[in-house]
Structures are given as C-alpha cells and as structure tokens.
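The values are calculated or read from the model by the stated rules, or taken from the named source; none is laboratory data. Small disclaimer: the values here were computed from a predicted structure and weren't measured. Ideal geometry is used to build each Cβ from the backbone, glycine not excepted, and the neighbour counts take in all protein chains shown.
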Amino acid sequence: MKSVLAILLGSALLAGAAQAQETNAQVAVMTDWSVFAEPKSGTPTECFAVSAPKESLNTRDGQPVSVRRGEVRLFVTYSKGQKVGTISFTGGYPFAEKSTVSVAVGSDTFELFTDGEFAWTADAAQDEKLMAVLKKGTNAVLTARSGKGTQTQDTFSLRGFTAATEDAAKRCQ
C-alpha cells in the first residue's frame, strides 16, 4: 500500500503539472506531443511533455454514452536533475475510489494508482519500465472508471513521445 506521504506528494506534483500547462511556456512541439517549461530565465526547475488523446470512448453498462469531461492529458514531468520522468494522467473527472487506470501499449499493460482526478505509477522503477515501453510503442490506451461508473478509454498517439520526453529532460538537467 502506498504511503500517505507519497500520495500527497504525488497529488501535489500532478496538480502542479496540470496548472503548469496553463502557466508555463510551450517550448517545443514534437508531432503529437508538446514540451512545456517554466518561463524563467536560465535552467527551468520543472519541464514536461504532454499530449491529449486522439480518441476517447465513454461507456456505461457496455453502451456508449455522452459525458462531460475536463481536460484529458498524459504527462511526463521532469524536475531539475531528474533522470527518469514521472508519468501521470488526468482523465478529466474524479476516478472511482480505490480504482486503477490500465495503460496498454501493444501487449504490455501497466497499472496507475488514482487519487481524485489524477493517476500515476507506483514509483520511479515503474516510471522507468513504462517509459521504455512507451518509447517503443505506437499508441497507449488508458482505461479507467469514473466515480459515477462511466468506463473511459483514451487512446494517445506516441508519435513524438521520445523526442518530447528527451527534450523535456534535457531542459531540466
């Protein structure tokens, strides 16, 4: 079970990443991924690569439904000096309590744990494994469940993922 401190720190990091997209400067676009960095002079202390899904499917009881969601984004965030990025996801709604988000890339599947509207890997070792798979993949399919019982499936293109994450990491060395 994750420690409360890890959950609180992860929540703060992910909330910051979501807000950072609004306040930080977009510094590069790599096909389907964008890179953002703090708009301060010198070396930024936080940089991230982010993408929106190419497709979203929302279902309830196996039937497609129309639902209102906030921004849906897949992030890889780097803090100054961090070698491996922190992978996170916001589904645009509060996730079902104690649920997980499934990330499928080809035949590989990973689980992200959830808290509120955010989900992330368990630790840096999982980030590293998932990063390696994402760099080799074509699409990532993230499947989750909302607190209202809606099943969501968001498909993210991985075109530009490697270039964007490498650029974000380099900017925050």
Answer yes or no: is there a residue in the stretch 89-96 that is in contact (Cβ under 8 Å) with a residue 24 or more places away in the chain and under 14 Å from residue 49 (Cα atoms).
yes
The conditions are (1) modelled with pLDDT under 95; (2) of a type in the set (Lys, Arg); (3) assigned to a strand (DSSP E or B), and residue 148 fails exactly one of them. Which is it?
(3)
Going by what's in this entry, would residue 89 be described as under 12 Å from the mean Cα position of the chain (by Cα), part of a strand (DSSP E or B) and either within 13 Å of residue 144 (Cβ to Cβ) or of a type in the set (D, E, K, R) (or both)?
yes
Kindly indicate whether any position in the stretch 79-101 is surrounded by fewer than 16 Cβ atoms within 10 Å (Cβ to Cβ), modelled with pLDDT under 95, in contact with a strand residue (DSSP E or B) (Cβ under 7 Å, 6 or more places away or on another chain) and farther than 18 Å from residue 33 by Cα.
yes
For the stretch 46-78, what are the residues that are touching an Asp or Glu at 6+ places or on another chain (Cβ under 6 Å) and more than 23 Å from residue 159 (Cα to Cα)?
none
Which one of these is among the β-branched types (Val, Ile, Thr), assigned to a strand (DSSP E or B) and modelled with pLDDT of 95 or more: 141, 133?
141
Considering only residues of the stretch 68-86 that are of a type in the set (Val, Ile, Thr) and either in a loop (DSSP other than H, G, I, E, B) or within 18 Å of residue 25 (Cβ to Cβ) (or both), which is nearest to the chain's Cα centre (by Cα)?
76
Residue that is farthest from residue 31 (Cα to Cα) [pool: residues in the stretch 102-126 that are surrounded by fewer than 21 Cβ atoms within 10 Å (Cβ to Cβ) and of a type in the set (Asp, Glu)]:
115
Considering the stretch 111-122, residues that are in contact (Cβ under 8 Å) with a residue 12 or more places away in the chain and of a type outside the set (A, V, I, L, M, F, W, C), and then whichever is farthest from residue 145 (Cα to Cα), we arrive at 121
Quick check on my filter: what residues within the stretch 35-71 are among the aliphatic types (A, V, I, L, M) and either surrounded by fewer than 19 Cβ atoms within 10 Å (Cβ to Cβ) or free of Cβ contacts under 8 Å to residues at least 12 places away in the same chain (or both)?
52, 57, 65, 67
Quick check on the stretch 131-149. Is at least one of its residues at positive phi and under 13 Å from the mean Cα position of the chain (by Cα)?
no
Test: residue in the stretch 55-67 that is assigned to a strand (DSSP E or B), farther than 23 Å from residue 128 by Cα and under 17 Å from the mean Cα position of the chain (by Cα):
yes
